[in-house]
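Values in this text are rule-based calculations from the coordinates and carry no lab data. The shown structure was predicted, so the numbers you read here are calculated from the model rather than taken from an experiment. Here the Cβ is made from the backbone with ideal geometry for all residues, glycine too, and neighbour counts use every protein chain on show.
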Amino acid sequence: MNRIFQSLLRQTRVCSINNISNVSIAAAPLRLMLASRWYAADAAPPATVGKETLDKLVRTNKVVVFMKGNPEAPRCGFSNAVVQIMRMHGVQYDAHDVLQNEALRQGIKEYSDWPTIPQVFINGEFVGGCDILMQLHQSGDLIEELKKVGIVSDLLRAEQEQEKNEKK
Amino acid sequence: MSQYTVKNLEDKLKEQLQAQYVRAVDESDGCGGKFSVIVVSELFRGKPLLQKHRLVNKALAEELQQIHAFSQKTYTPEEWEKVQQEQ
């Protein structure tokens, strides 16, 4: 799993914006409080989580993540990678811990026809798992995907500020 | 963990996706629960990333029920050539 973090870090370093890592680290404690609504265990998890429930669930926020553990304590390296990517972009999202609810874990896999966790939805649409999020992040496409749903990535914001400063 | 080996996965991907190049790596220290794969195939041409990954997931549907950590990179032959030049 170290490989994933290394590639994340590498990406931050090679980014054209030099101060991103500083910005996101400084903002992290506050952001952590605001970044995500997350749901641990439902009071009484149902035996199955069906399509109708999930149709609603994936639309409760512009970005919805199904993961192992929660954003403060991911319990899988792939889930952690997605959390770190979201943090870098300053995205507020809903996170659902599938380890707390086996029916949800199975239900979401069937719903999106995708065998692994984490799973990321943007505007109710399945985007992909960790590999795809990583690629979208590295290619810069994630900024565009977020823009489509009205979310301005922190990385884009930092880039724009830098450009402004350079013009001065 | 699982009975699968690098060879199982590579053979299956080559056959099902007519892959011209496949590399699977067992990252589980031998217990067979964690793999990463690179697949280069003509079938990926013109398909968005999500669809490419779905093709791989489908080819390995049976295996992925037991493999609990799986990571993939998918390339068309041209993309793969570019990646290699960069390395």
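Using Stokes-Einstein with the Kirkwood hydrodynamic radius over Cα pairs, what translational diffusion coefficient do you get for segment A:53-168 at 37 °C and a viscosity of 0.692 mPa s, in µm²/s rounded to a whole number?
224
Given the options B:43, B:71, B:28, identify the residue whose Cα lies farthest towards the positive end of the charge dipole of segment B:6-86 (+1 on Cβ of Lys, Arg; -1 on Cβ of Asp, Glu). Checked the options; the winner is B:43.
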